[in-house]
Amino acid sequence: MANNDKDMRKQVEKMYSKIAKEEAESCFPTSSCCEKDFSSAEYAEKLGYSPEDILSLPEGANMGLGCGNPQAIASLKPGEVVLDLGSGGGLDCFLASGKVGEEGKIIGVDMTAEMLEKARKNAKQGNYQNVEFRLGEIENLPVADNTVNVIISNCVVNLSTNKPRVFEEMFRVLKPGGRVAMTDMVATSPIPDIFLDDPELYSSCITGASLIPDLKEMLAAAGFQDIKITAKEESRDFIKDWTETLKAEDYVVSASIEAKKPL
């Protein structure tokens, strides 16, 4: 990517702040991280959430964002501490809340004050006692060392302009033996250079996607082991509607990303 990280970052923050301010349940019309032809609930089902999951959420928590369901690979257990990177309106935090129980804890981190306000409002509405939301960047997590059992994230790390730093921070806050269970966008072939400077394509979860071998290398460099990245080829079906600028489905897919911090 060209040396315009600040521009990309500003565009990402601007887009998701605007999404958070929208009162409609479905996702913001100019956001490409959602299926324009479906409601938020229908899109969530496409990502792997059950109708029961969606019905259990506070109104407004499902914002039609994401590219998968990290809950499906997280194997959350009672009493665990879970960290959600880019927690948005709180969807994954609220679903994780019941799985870790009263003895567990969920921490959501988001960089936009508007998203944080929305998530906290949703948490109050749903009376989630074991969920808290913190303002912060995923490159500089407001979380203490060795305090988290599981890190989840849904279509967020691709938006970072410094992914190696993100993985270093994830490694830092995880307890020894802790695990990563994310869904994110990955590139299956190099994206043409002509598109890489487009802030809208970047903030739409497309041109910030890394090739799978590069992601594995970054995770390993941060110290992670048992790295597993599984591309979801079927995701091309909804990715094709994300943008009219290029055929995104030819270059990126959704994937599950798993890794562990050594004991």
Practice task
Determine whether segment 149-156 contains at least one residue that is touching a Lys or Arg at 6+ places or on another chain (Cβ under 9 Å), buried (at least 20 other Cβ atoms within 10 Å of the Cβ), farther than 20 Å from PHE94 by Cβ and not acidic (Asp, Glu).
Solution key: no
Practice task
Inspect segment 91-104 for any residue being touching a residue at least 60 places away in the same chain (Cβ under 8 Å), touching a helix residue (DSSP H, G or I) at 6+ places or on another chain (Cβ under 7 Å) and closer than 28 Å to VAL253 by Cα and give the result as yes or no.
Solution key: yes
Completion exercise
When every residue in segment 41-82 that is polar (S, T, N, Q) and in contact with a Ser or Thr (Cβ under 7 Å, 6 or more places away or on another chain) is compared, the one surrounded by the fewest Cβ atoms within 10 Å (Cβ to Cβ) is ASN69
Exercise for the section: Take the residues in segment 83-141 that are touching a Leu at 6+ places or on another chain (Cβ under 7 Å) and assigned to a strand (DSSP E or B), then tell me which one is surrounded by the most Cβ atoms within 10 Å (Cβ to Cβ). Expected result: ASP110
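Which of the residues belonging to segment 195-232 are part of a helix (DSSP H, G or I) and within 22 Å of ALA74 (Cβ to Cβ)? Spell out the reasoning first.
If we filter segment 195-232 for residues that are part of a helix (DSSP H, G or I), which is where we start, we get 195, 199-203, 212-222.
ILE212, LEU215, LYS216, MET218, LEU219, ALA220, ALA222 - these are the residues of segment 195-232 that are part of a helix (DSSP H, G or I) and within 22 Å of ALA74 (Cβ to Cβ).
Just the residues that are touching a residue at least 12 places away in the same chain (Cβ under 8 Å) and under 12 Å from LEU246 (Cα atoms), please, taken from segment 187-199. Working first, answer last.
Kept after step one, since they are touching a residue at least 12 places away in the same chain (Cβ under 8 Å), are these residues of segment 187-199: 187-192, 195-199.
Result: ILE191, PRO192, PHE195, LEU196, ASP198.
Is it the case that segment 64-82 has a residue that's over 26 Å from LEU174 (Cβ atoms), modelled with pLDDT under 95 and part of a loop (DSSP other than H, G, I, E, B)?
Looking for residues that are over 26 Å from LEU174 (Cβ atoms), modelled with pLDDT under 95 and part of a loop (DSSP other than H, G, I, E, B), one finds at least one in segment 64-82, hence yes.
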Practice task
Can you confirm whether segment 67-76 contains a residue that is in contact with a helix residue (DSSP H, G or I) (Cβ under 6 Å, 6 or more places away or on another chain) and on the phi > 0 side of the Ramachandran plot?
Solution key: no
Problem - Answer residue from segment 230-261, given it is farther than 18 Å from ILE206 by Cβ and touching an Asp or Glu at 6+ places or on another chain (Cβ under 9 Å) and is surrounded by the fewest Cβ atoms within 10 Å (Cβ to Cβ) among those - result: THR230
Practice task
List the number of the failed condition for ALA187; all other conditions in (1) within 18 Å of PRO70 (Cα to Cα); (2) buried (at least 16 other Cβ atoms within 10 Å of the Cβ) hold.
Solution key: (1)
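The values are calculated or read from the model by the stated rules, or taken from the named source; none is laboratory data. On a predicted model such as this, the values are computed, not experimentally measured, just so you know. Glycine gets a Cβ as well: all are built from the backbone with ideal geometry, and neighbour counts include every protein chain shown.
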